[in-house]
Amino acid sequence: MENKEKGESKMPTENDFRHNSKCIFCNWETQDVVFTDEKTVVFNDKYPMAKVHILVIPKEHIDNINSLNENHLELLNQMKTNALNHIKKANPEIDENEIIFGFHTPPFNSINHLHMHCVIPPFKNYYYYFVNNYLMMTKLDTLIDNIKNKKYHWAIENLIFGKKK
């Protein structure tokens, strides 16, 4: 496992994983990477909406949550584990239950590369709180449950029924 502290390395290149040349996350070349392993990259959000806001992406290009299936459950769990490890290392006082893990629900994702937001309130304003808890975000636990139950209509479920976990 390779651990990259902030400032030591660039984001993985095309040789490191399945790559989409038009994807900003596949081409992300920043010094903001805080951790990488064989399958994921953890980095600070460029425009944080809360006290703590990191992103975790798979090295393999996956468009969004609608591209996920049972084969991705291990990856999702690894993404959460890597995020938790980084957050706890940087913020040992944080209670794990305070962390919101979620994915933008299509069509509300601005970048077509699967990325998990890991956010610890307080949010910078009420809009961010509302968006992350009620509208455009599918929580990690809900996503995993939906995949296990073969329930793949995240956008419709979230918008019509306001599901949240």
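Here are the numbers for this structure:
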quantity	calculated
Residue under evaluation residue 71, criteria (1) crowded, with 16+ Cβ neighbours inside 10 Å; (2) under 24 Å from residue 26 (Cβ atoms), criterion not met	(1)
Near pairs, Cβ below 6 angstrom, 6+ apart or cross-chain, from segment 33-56 (more than 19 Å from residue 100 (Cα to Cα) and free of Cβ contacts under 8 Å to residues at least 40 places away in the same chain) to any residue that is basic (Lys, Arg) and buried (at least 20 other Cβ atoms within 10 Å of the Cβ)	39/59
Qualifying positions in segment 122-156 - within 16 Å of the chain's Cα centre (by Cα) and at pLDDT 70 or above	136, 137, 138, 139, 140, 141, 142, 143, 144
Residue 80 vs. criteria out of contact with any Ser or Thr (no Cβ under 8 Å at 6 or more places or on another chain), among the basic types (Lys, Arg) and either in a loop (DSSP other than H, G, I, E, B) or under 25 Å from residue 26 (Cβ atoms) (or both)	yes
Members of segment 29-86 that are among the charged types (D, E, K, R) and touching a strand residue (DSSP E or B) at 6+ places or on another chain (Cβ under 7 Å)	32, 39, 45, 51, 59, 80
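The values are calculated or read from the model by the stated rules, or taken from the named source; none is laboratory data. Worth saying up front: this structure is predicted, and the values here are computed from it rather than measured. Quick reminder, even Gly has a Cβ in these numbers, built from the backbone with ideal geometry, and neighbours come from all protein chains shown.
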